[in-house]
Amino acid sequence: MDNQELDEKTTEEESTQNKMKEWLEDNMRIIVSILIVILIAGGIYSYSKRTESPQVDEPTVAVDEENNSTTKQETVNDSTVSQEKETSSVATSQETENSLIETAAKGDSQTKLARRALADFLEKNPDSALTAEHKIYIEDYLRKNSGHKGRVSVGTSIEFSKDLIKDAISKSKNLNENQLKNLHKYAVRVPSLS
């Protein structure tokens, strides 16, 4: 009987192994798909935790309406550290005898600063012959020739000489019809130039 029981156990084990083998073969695609999804989810989770931990949490910004300034409270690793910073969120313009100095606010670029310098200049020296296309050319000319290199961030000041602005206006008036037609597609994107 011992031999017979041993044979039955062996047969049962082989039968179970065969069933498991068949099941694995039938479901291999599903198993691999599930493993890929788990790996991707784990990677995303790991990446999101890695980028969150060393950085400062989102700052809370409160606007002080009397001083028109902002106060930021930043949370660092679950402990709160209050820091008061006064930063101007309003762009500023200054005029000297020979130049216009534009200071960037949030979202400003060199082109926007050049556009403001041109607008300030034209406010004091109107020129009705300038179209939106001329102004696009002028602001691009100012951007390229201002001498500023690098990015523009809040507080960055760029100086535009009045002579440079006059030169840009003069050159814009020498553009031919094809050049003005080409600039038209950019001018329509900036309704404030009209």
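Each reported figure results from applying straightforward, stated rules to the coordinates on display, with no laboratory input. Bear in mind that the values here come from a model prediction, so they are computed numbers and not experimental data. No Cβ is skipped: glycine too gets one built from the backbone with ideal geometry, and neighbour counts run over all protein chains shown.
Relative to the current alpha-carbon distance between LYS49 and LEU175, full extension at 0.36 nm per residue lengthens the span by 39.9 nm. Set the Förster radius R0 to 41 Å, insert the Cβ-Cβ distance between ILE38 and GLU14 as r into 1/(1 + (r/R0)^6), and round the FRET efficiency to 0.05. So the FRET efficiency works out to roughly 0.80. With the cut-off at under 16 Å, measuring from each backbone N in segment 135-151 to a point 7 Å along the Cα-to-Cβ line of SER93 picks out 135-136, 138-140, 142-143. Once backbone amide H atoms are built at 1.01 Å from N, GLU95 has ILE101 as its partners under 5 Å, excluding neighbours fewer than 5 places away on the same chain. Candidate cross-link partners of LYS135 among the lysines, defined by an alpha-carbon separation under 26 Å and a same-chain spacing of 8 or more, comprise LYS106, LYS112, LYS124, LYS144, LYS149, LYS162, LYS166, LYS171, LYS173, LYS181, LYS185. For segment 170-181, 3J(HN,Hα) computed residue by residue from phi via the Karplus equation (6.51, -1.76, 1.60; θ = phi - 60°) reads 4, 5, 5, 6, 9, 5, 8, 4, 5, 5, 5, 5 Hz, glycine and proline entered as x.
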